[in-house]
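Report on the following structure.
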Amino acid sequence: MKFIQLSVLVLLAGSHLMAQEITLSVGYGTYKMSDLKALNDEIQLSSDIDLPLKTVDDFPGYVAFGGSFTWQLTDRFALGSEVNFNSTGSRVSYDDYSGSLHFEQKIHAISFGVLPSFKLVDGASVIVEGQPRAGITASSLSVKESINVGGTFASDALDFTSINIYLEPGLRIVRYFPFGNNKIGLGLRVGYHFTLAKSKLFLKDDDTMHLLVAGEPAHADWTGVRGDFLLSLRLR
Amino acid sequence: MKKVIALLLPLVVVISCYDPSGENFVNVPAPVTTGIVLDLAEYTDTIFVFQSESVILMYQGKPSLEEINVSINNESVRSGGIDTWGPPNFYVDVMKFGTGFYSVEVTAIAKTNSGSLADKINVEKMSITKEFVLAVDIDPVPSLPVHFDTSDGRLRVSWKPYKKKNFVSYELWQDCWNCMVASTTDPDDTTFIDTQFTVGRTNYRLVTVTSTGAHSGEESFLTSFSDVAITSLPDNKLELTFSRPACHANVKEIRVYQLGSLVHTDVGFSDTTVVVENDFPFGDRIMDAFEIEFVPDGPASGIQMVPYEIGSRILDMNIYDDWVRKVEYNQSLNQYYVKSRRYLRVLDHNFNKQAEREYNVQDFTISANGSYMYAEMYNSWTGKYQMCSVNPITLDTLNLKGFDNIYVPHLQVANTNYLSTYTNNYPSPDRHYVQALPNLNAIYVRSVVSGALSAISPDGEHFFSYNTLYKIEGTTFTQIATIPVNSNEYMAVFRADNPDELLLISNSGVRALSISTDNVRSLSVNGAAGSWILQYDPVSKSVLYTGSAKSIVLDVDTGASFTIPSKENVAFSLTNGKLISSHSYVADLSFIKSLAK
């Protein structure tokens, strides 16, 4: 939060001199989550209940949301900050006539990053920019086991958190439209998210404990493809 | 700003968070509810208990049994998990329920073993409930008697069946507590055939063995004997006749013992009559006179004791204070007059006592004639013997035509045909014998001390006095012969059965004088010394000598005599052909004579 506050202050300090742009994005991301996928495998193998558990949902890609604010510092270079929200999850399941046994992992992340933007194509209405983003990802993982037998429901959940650093190089294409005096633009952005410096997933209630998979610390690995639809608004 | 973010962020998260989905439905077959067996291991649908016990249950099925709950009459007697070391069971306390019928509900709870999730986490159960009937019977086992049937010649022992469920076996015991003769585990097998019992007394006892123990029945006794009759035969023989006993089919051989010696054997049952020598002495009943052994085909044997007594009849003359000294029979009144030491009694022809009188006299003799009984008694006041008549019905003493003393040797004849003279010079003490002739109202006495001996013949034609025999013609006495009387002869009597003879009797013998020929024949009796009762019986033609140790009967015609042992001062009397003892015997003298050796 302090970083965000600081960034905003810096930007605001020079805002009266630079063009500003707000971009909202809705997109899709895929997530590697290899450790958490391995956790699903481990659950299936080590379950106390001798049942044919199966992973029915394995951290698929999901809609992501984001937003950014940039200052055009030069004609070719803009700098800003962004925030993104990603989530995914998995489920290991067993169901029969008598009930169900689910082992779910829900993970979401809020990423805060610096958004440098290098204009590659500066057209009259279409702009192509290269954006090597970087920042931190705050992940929140909820691991929940629930059993429902004969109408009786029981569950148990553990929450973990971790902070990781990411790097996400990408390409942004925006077309500004004449209405709104070329201030409104629609675009696309594609990129690839790399989760770097993966930290352990610490138990939320006791940060001395962390999630282990196969005896090794598990990490939230958000590495994967990103793609967004953009709605930009130039402020100046 | 923070607050805005803090408020908006969760909303964003909730709205946009990925929610995992998907199912892995596995088609698990539903739990098997068929083929499950919940039953009683030792009963069908009714539990029969006769004592407190554990009832074992039987469970079979794919679902695995975990819990058994049992209630009897809606009261729980068992609940909870099952034991791992044995079959499931529940305990019935009969004292809690008592005899009667009760409903039993058994609920078995089992894990389905279906393989479903619920089964895997051990929450999928199934219950099976079954109802049974509990029949409690703690009533005591009845004591069953046995019944005997000998209709087919064998001893068939039978009893009523014991039909209760706690039956184990029957045990049949005979004659003793350690002699089990049969046992069976079939409750309907209630008959036993005894192939050994022939005669005698046997007892059987049935023991019904149940699961609660052995219960002994009451003893049942059977007494079965052959009908044995003993008949006297000529030539001093006896004939035993015996009938087939009830269990004759068991008899293989018959053995007859007489006084312990084997006298006859018969294989099978062809002979029912055995003739033996009559070796029995006169006297008491001999209980083991004969033994008839009915031998079966086996080790057992039935022996029947056959008693025998000499004599035709045993009487109870109801004389229980002292022994009989003399018995006189009054043919006219058909009465017996029995003189004992203290009493004079009148008995009817069946020897039933009709009258009794105690006499405080030392001794007296009696004689009967017609409607009179004559008694000579010693009068202790006068010191003289007194002759009197006695009312034969009331035994009241009456004076006989006014005389109270009799002088011997003069003839004292009290009848209408002769003069009755009496004097007062009656010597005493003395022993006298009173004899009355049945057809004459006459009395004759004989003094032992004086030697006077007198008698008159029954036809009234002859008279003997002292030592002279007279012929009576009207009132004339004509001397016929002089017959010396021996000093020890103290009885003279004309034979009523033989008018030609006069008997002079002493304790050593008899002299029979022929009136027509004057011949004398002497008959001696050995061992009669000390006899103090002499009695002549014209019916049996015998003289009875009765002493303290024995009695002798002498046939005056043949001279044959036989001795009768007297035990404990048994006295005999001879009257009307019958020998009567103070031991309550009446015997046909002719029969006894046949035993004379």
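The values are calculated or read from the model by the stated rules, or taken from the named source; none is laboratory data. On a predicted model such as this, the values are computed, not experimentally measured, just so you know. Reconstructed Cβ throughout: ideal geometry from the backbone, glycine too, with neighbour counts over all protein chains shown. The accessibility values were calculated without ligands, DNA or RNA, using every heavy atom of the protein model including side chains. Shrake-Rupley method; radii C 1.70, N 1.55, O 1.52, S 1.80 Å.
List every residue whose amide H lies under 5 Å from the amide H of B:Val123, counting only residues 5 or more places away in sequence or on a different chain, with H placed 1.01 Å from N in the peptide plane.
none
Count the net charge of all other residues whose Cβ sits under 12 Å from the Cβ of B:Thr517, scoring Lys and Arg as +1 and Asp and Glu as -1.
-2
Just want the answer: with Cβ charges of +1 for Lys and Arg and -1 for Asp and Glu, which residue in A:Leu141, A:Leu171, A:Thr152 is farthest toward the dipole's positive end in the stretch A:134-185?
Of the candidates, A:Leu171 comes out farthest on the positive side.
Only Lys, Arg, Asp and Glu count, each charged at its Cβ (+1, +1, -1, -1), so figure out the dipole size of chain A about its Cα centre, rounded to 20 debye.
Numbers: 20 positive and 25 negative charges, 318 e Å.
The dipole magnitude comes to about 1520 debye.
Measuring with a 1.4 Å probe in the full set of protein chains, what accessible area per residue, in whole Å², belongs to the stretch A:80-236?
So the stretch A:80-236 comes to 44 Å² accessible per residue, rounded to a whole number.
How big is the accessible area of B:Leu40 in square angstrom, nearest 10, if you roll a 1.4 angstrom probe over the protein chains?
Estimated to the nearest 10 Å², B:Leu40 gives 10 Å².
Considering only the other residues whose Cβ falls under 9 Å of the Cβ of B:Lys111, what net charge follows from Lys and Arg at +1 and Asp and Glu at -1?
Around B:Lys111, the charge tally is -2.
Of the listed pairs A:Lys106/A:Lys204; A:Lys54/A:Lys198; B:Lys130/B:Lys163; A:Lys54/B:Lys120; A:Lys54/A:Lys200, which have alpha-carbon separations greater than 23 Å here?
On the way: A:Lys106/A:Lys204 14 Å; A:Lys54/A:Lys198 28 Å; B:Lys130/B:Lys163 27 Å; A:Lys54/B:Lys120 16 Å; A:Lys54/A:Lys200 26 Å.
Beyond 23 Å: A:Lys54/A:Lys198; B:Lys130/B:Lys163; A:Lys54/A:Lys200.
Which order do B:Thr517, B:Thr190 take when ranked by solvent-accessible area (1.4 Å probe, heavy atoms of all protein chains), largest first?
Output order, biggest surface exposure first: B:Thr517, B:Thr190.
By how many degrees, between 0 and 90 and to the nearest 10, does the Cα long axis of helix A:34-46 differ from the longest principal axis of chain A?
So the inclination is approximately 10 degrees.
For chain A, take the longest principal axis of its alpha carbons; what is the angle in degrees between that and the long axis of helix A:2-13, to the nearest 10 within 0 to 90?
Orientation of helix A:2-13: about 10 degrees from the principal axis.
Under a 1.4 angstrom probe, counting protein chains only, how are A:Trp71, B:Trp85 ranked by accessible area, largest first?
B:Trp85, A:Trp71
With solvent modelled as a 1.4 Å probe, how much accessible area in total do chains A and B shield from it at their shared surface, in Å² to the nearest 100?
2500 Å²
Taking H placed 1.01 Å from N in the peptide plane, check which residues at least 5 places from B:Ile193 or on another chain put their amide H under 5 Å from its amide H.
The answer is B:Val157.
So if I take the alpha carbon set of chain A, get Rg, then get Rh from the Kirkwood formula, what is the Rg over Rh ratio?
1.09
Can you tally the net charge around B:Leu206? Count Lys and Arg as +1, Asp and Glu as -1, for every other residue whose Cβ sits under 11 Å from the Cβ of B:Leu206.
Details: positive: B:Lys160, B:Arg205; negative: B:Glu171, B:Glu218, B:Glu219.
Net of charged neighbours comes to -1.
Through the Karplus equation 6.51 cos²θ - 1.76 cosθ + 1.60, θ set to phi - 60°, convert the phi angles of the stretch A:111-124 into ³J(HN,Hα) values in whole Hz; use x for Gly and Pro.
10, 10, x, 8, 10, x, 9, 10, 6, 9, 10, 10, x, 5
Show the residues, 5+ positions off or on another chain, whose built amide H is closer than 5 Å to the amide H of B:Leu40.
B:Met58
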